[in-house]
C-alpha cells in the first residue's frame with residue numbers, strides 16, 4: 001500500500017492544488033449546466049385495439065393490430081399530423097420543430113405507442129403532446145376506416161403529462177462528472193508535483209511534508225547567518241525534556257563553509273551557558289559505536305555534541321550519523337531544496353529510526 005501512502009502524502013503536501021483543481025472541475029460542470037438550455041419532456045401513451053375482428057380468429061386480429069401499430073409509429077412525424085398539431089392555438093412552434101420534438105416508440109406490448117415530446121419550452125412540450133392526443137386518434141381513424149366499417153380504435157391510454165423536472169441537462173450527473181474529473185486532475189497534479197520535486201517555497205509546506213515544526217527561518221547574506229537564537233532555544237527545550245547528548249544537523253544542500261548552521265547553533269548554545277562542541281560526520285563515524293566514540297561527555301551529561309552532515313554530499317554517511325544521534329535537525333533552503341528531497345530524507349530517517357525534531361530554513365539573500 002506504499003502507493004496509497006505516497007498519494008495521501010502528496011495530497012497533504014499540496015492540498016491547495018488538489019482542492020483548487022477539484023473546485024475547478026466542479027465549477028466547469030456547473031457553468032456548463034447553467035449555460036445549457038433546459039429541455040422539458042412531456043409524454044402521452046396511445047392504445048390501438050380492434051373494434052371487431054376481420055376474421056373469427058383473435059390471433060389473426062392481434063397480428064393485424066400489431067402490423068398497423070408499426071405504421072402508426074412512422075405516422076407520428078408525418079407532415080399531415082404535424083400540420084394538424086400546428087393549427088392548434090396552443091402551439092407556436094414551426095412544423096420542423098414539432099416534427100423534431102416528437103419521438104414515438106412501441107413498448108414491449110405491441111398494441112401501445114409511447115410518444116415523448118421534448119422542447120426547450122415546458123409549455124410548448126405539453127401543448128404538442130396535448131395536440132397529439134387529440135389529432136392522432138382522429139387522423140388514424142380517417143386513414144384506417146375511411147369508407148369502411150370501423151375496424152381499429154386508437155385511444156389515449158395515458159393522458160399528456162409534463163415531467164416537472166428538465167430531462168436535460170441532468171444536473172446531478174454532470175456535477176458528479178465534474179467532481180470526479182476535478183478529483184482525478186487533483187490527484188494527477190499533486191503526484192506530478194511530487195515526482196518533479198518542485199522546490200519548497202514556505203515553512204508551512206515544509207512542516208506539512210516533514211511533520212515537524214520549523215524552528216527558525218534564516219535570512220542569508222553570502223555565507224553568514226543572521227541569527228539562530230530560536231533554534232538554540234528549541235534545542236535547549238528538547239534537552240530538558242529528554243537526554244540529548246548528540247544532535248545531528250543534516251544539510252540538504254551542498255555548502256563549502258564548514259560549520260554553517262551547525263556552527264552557528266553551537267555558538268548560540270554556548271552563549272546560553274550549555275557546553276557544546278561541533279564535529280563533522282567523518283570524524284563522528286570513524287569513532288565507532290556510541291559506547292567507544294570520543295564524545296568527551298561530562299559526568300553530569302551536560303556536554304552536547306553537534307554533528308554536521310550533508311545529505312547532498314553523502315546520503316549514506318548522513319544517515320549513519322542520524323541513526324546514532326539522539327535527535328536530528330534538517331537544514332533546507334527555500335527555493336532550492338525540493339519536496340522530493342525532503343520526502344527521501346524523511347523516509348531514510350524512518351528507516352534508521354532517527355528522531356527528527358525540527359527544521360531550519362534558509363532564505364538566500
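Here residue 177 does not qualify as surrounded by 13 or more Cβ atoms within 10 Å (Cβ to Cβ), at pLDDT below 85 and part of a helix (DSSP H, G or I).
Just one residue in the set 247, 267 is touching a helix residue (DSSP H, G or I) at 6+ places or on another chain (Cβ under 9 Å), assigned by the TED database to the domain that holds residue 215, surrounded by fewer than 21 Cβ atoms within 10 Å (Cβ to Cβ) and at pLDDT 85 or above; that residue is 267. So which residues in region 197-219 are in a helix (DSSP H, G or I) and either buried (at least 17 other Cβ atoms within 10 Å of the Cβ) or touching a residue at least 12 places away in the same chain (Cβ under 8 Å) (or both), if there are any at all? Passing the criteria: 203, 205, 206, 207, 208, 209, 210. Only a single item in (1) modelled with pLDDT of 85 or more; (2) assigned to a helix (DSSP H, G or I); (3) more than 35 Å from the chain's Cα centre (by Cα) is not met by residue 158, and it is number (2). Selection of region 339-359 for residues being surrounded by 18 or more Cβ atoms within 10 Å (Cβ to Cβ) and either farther than 27 Å from residue 242 by Cβ or not assigned by the TED database to the domain that holds residue 242 (or both) yields 339, 341. Exactly one residue out of 96, 110 is assigned by the TED database to the domain that holds residue 67 and either in a helix (DSSP H, G or I) or at pLDDT 85 or above (or both), and it is 96. For residue 164, state whether it is under 30 Å from residue 25 (Cβ atoms), assigned by the TED database to the domain that holds residue 43, free of Cβ contacts under 8 Å to residues at least 12 places away in the same chain and not in a helix (DSSP H, G or I). Yes.
The values are calculated or read from the model by the stated rules, or taken from the named source; none is laboratory data. Computed from a predicted model, the values in this text were never measured in an experiment. Every residue, glycine among them, receives a Cβ derived from its backbone with ideal geometry; neighbour counts consider all protein chains shown.
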